[in-house]
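**Student:** Dropping a structure here in structure tokens format, bear with me for questions.
Values in this text are rule-based calculations from the coordinates and carry no lab data. The model shown is predicted, which means the values in this text are computed figures rather than measured ones. Cβ placement follows ideal geometry from the backbone for every residue including glycine, while neighbour counts extend to all protein chains displayed.
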Amino acid sequence: MSTGWHKKLRSIQRTAQADDFIEEDDYKLATYISNGEFSYEKYKEIQTIGNKAKIENQWVGEKHIKILAKHLCDRHPGPIKYGVCHGTRRGKEQEWFGKHIGGDADVFGTEISDTATDFPRTVQWDFHDIKPEWLGHFDFIYSNSWDHTYDPKLLFTTWASCLNKNGWLLIDHGWNYEPGRVDLLDAFGISEDSLISLLNRECSEFGKVEDVIDGGHHKRLPIRTIFFKARS
Ligand SMILES: C[S@@+](CC[C@H](N)C(=O)[O-])C[C@H]1O[C@@H](n2cnc3c(N)ncnc32)[C@H](O)[C@@H]1O
């Protein structure tokens, strides 16, 4: 079923021009301009086509989530009750966090594509948006899909606003998040140091980066995970 979606994705990627991106030294962002202005429809369509083309893939493995769950439980002062994983495609991250945190942790995931409803504990939802009841609610928010944002500042401040006191943002970084990897699907790339600076600068009213840990490997290359902690 994914072959047709692969063709569509390749044909979209072929149309990319240099002015589809804003580029600085260690920062690159797709703009999704259509007829002179930002097109949310274009963004959502490309993300959905990418999701369907890669629907059989799982990016991170259970070992990675187990490492993060352990660090989270070691560092958090009380039990972990509420978590959300953003951009989860097949629903595995929420399953594995639930398993490795244990107890009665309630963890679900968001996914922009309409394939969301095919997977357990997954809501079809754009991770730039929030429900009022999510404000100050979560003990942790995890994502390896933040590089699909069209607006990093909006994204990270929105997520930080959803942490409860002492809550944590867990943000993966590694080879695939560098600016050189950006295209019309993987919309945002930034170096690890600049991502940490961005989080500390833009989300300073909510907390700060406390830890950066080795999170295991993806295809033999290291994954690092940034732990941003909300103020108590
Ligand atoms: C690189 S994949 C990672 C999937 C999964 N986390 C994994 O480890 O396999 C990125 C996922 O994020 C989804 N996504 C992209 N933009 C999104 C958005 N704005 N809101 C929610 N999900 C989004 C894509 O559809 C895709 O399934």
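**Student:** Output the Kirkwood hydrodynamic radius of the chain, Cα pairs only, in Å rounded to one decimal. Mind dumping the intermediate values first?
**Tutor:** Working: mean 1/r = 0.0556 Å⁻¹.
When all Cα pairs of the chain are included, the Kirkwood radius is 18.0 Å.
**Student:** Let me check I've understood the local charge: for S204, count other residues with C-beta under 13 angstrom from its C-beta, Lys and Arg +1, Asp and Glu -1. What total comes out? Don't jump to the answer; show the numbers that get you there.
**Tutor:** On the way: positive: K153, R201, K208, K229, R231; negative: E202, E205.
Local charge sum for S204: +3.
**Student:** By a straight-distance test (C-alpha under 20 Å), which lysines pair with K63 as possible cross-link partners, with residues fewer than eight away in the same chain excluded?
**Tutor:** K92, K99, K219
**Student:** Let me ask something else about it. Report the extension gain between S161 and L198 in nm, rounded to one decimal, defined as 0.36 nm multiplied by the number of residues separating them, less their alpha carbon distance. Could the numbers behind the result be given before it?
**Tutor:** Numbers: separation 37, 0.36 × 37 = 13.32 nm, distance 1.54 nm.
In short, 11.8 nm is gained.
**Student:** Which is the longest stretch in the chain that no exposed loop site breaks, taking sites as GluC sites (Glu not before Pro) with a DSSP loop state and at most 11 other Cβ atoms within 10 Å? Write down the numbers at each step before the final one.
**Tutor:** On the way: sites that count: E56, E205.
Longest gap between qualifying sites, sites excluded: 57-204.
**Student:** How large is the dipole of the chain about the Cα centre if only Lys and Arg carry +1 and Asp and Glu carry -1, each at its Cβ, rounded to the nearest 20 debye?
**Tutor:** On the way: 30 positive and 36 negative charges, 156 e Å.
My answer is approximately 740 debye.
**Student:** Order by neighbour count: T3, T122, T88, fewest other Cβ atoms within 10 Å first, most last.
**Tutor:** Values: T3 8, T122 24, T88 27.
Result, fewest neighbours first: T3, T122, T88.
**Student:** Moving to a separate point now. Report relative contact order for the range 2-230 in percent, whole number only (criteria: Cα-Cα under 8 Å, sequence separation at least 6). Could the numbers behind the result be given before it?
**Tutor:** Working: 435 pairs, mean separation 45.7, N = 229.
Relative contact order of the range 2-230: 20 percent.
**Student:** Moving to a separate point now. In whole angstrom, how far apart do the alpha carbon centroids of the range 144-161 and the range 44-100 sit?
**Tutor:** 16
**Student:** Same structure again: What are the ³J(HN,Hα) couplings of the range 41-53, residue after residue, when phi is run through the Karplus curve with 6.51, -1.76, 1.60 and θ = phi - 60°? Round to Hz, x for glycine and proline.
**Tutor:** 4, 4, 4, 5, 5, 5, 4, 6, 4, x, 4, 6, 5
**Student:** For a quick check: sort K44, K165, K229 by the number of other beta carbons within 10 angstrom, fewest at the front. Walk me through the intermediate numbers first.
**Tutor:** Details: K44 15, K165 11, K229 18.
Fewest-to-most ranking of K44, K165, K229: K165, K44, K229.
**Student:** Same structure, new question: To the nearest 20 Debye, how big is the dipole of the range 12-51 about its Cα centre, given +1 on the beta carbon of each Lys and Arg and -1 on that of each Asp and Glu? Write out the running numbers ahead of the final one.
**Tutor:** Details: 4 positive and 9 negative charges, 63 e Å.
Dipole about the Cα centre, nearest 20: 300 debye.
**Student:** Continuing with the same structure: For K44, which aspartates and glutamates qualify as cross-link partners when the Cα separation must be under 20 Å and same-chain residues fewer than eight apart are set aside?
**Tutor:** Hits, sequence-local ones excluded: D19, D20, E56, E111, D114, D118, D126, D129, D147, D151, D183, D186.
**Student:** As I understand it, the dipole of the range 140-196 uses +1 on the Cβ of Lys and Arg and -1 on the Cβ of Asp and Glu, about the Cα centre. Which of F140, Y177, L155 lies farthest toward its positive end?
**Tutor:** Going by the Cα projections, it comes out as F140.
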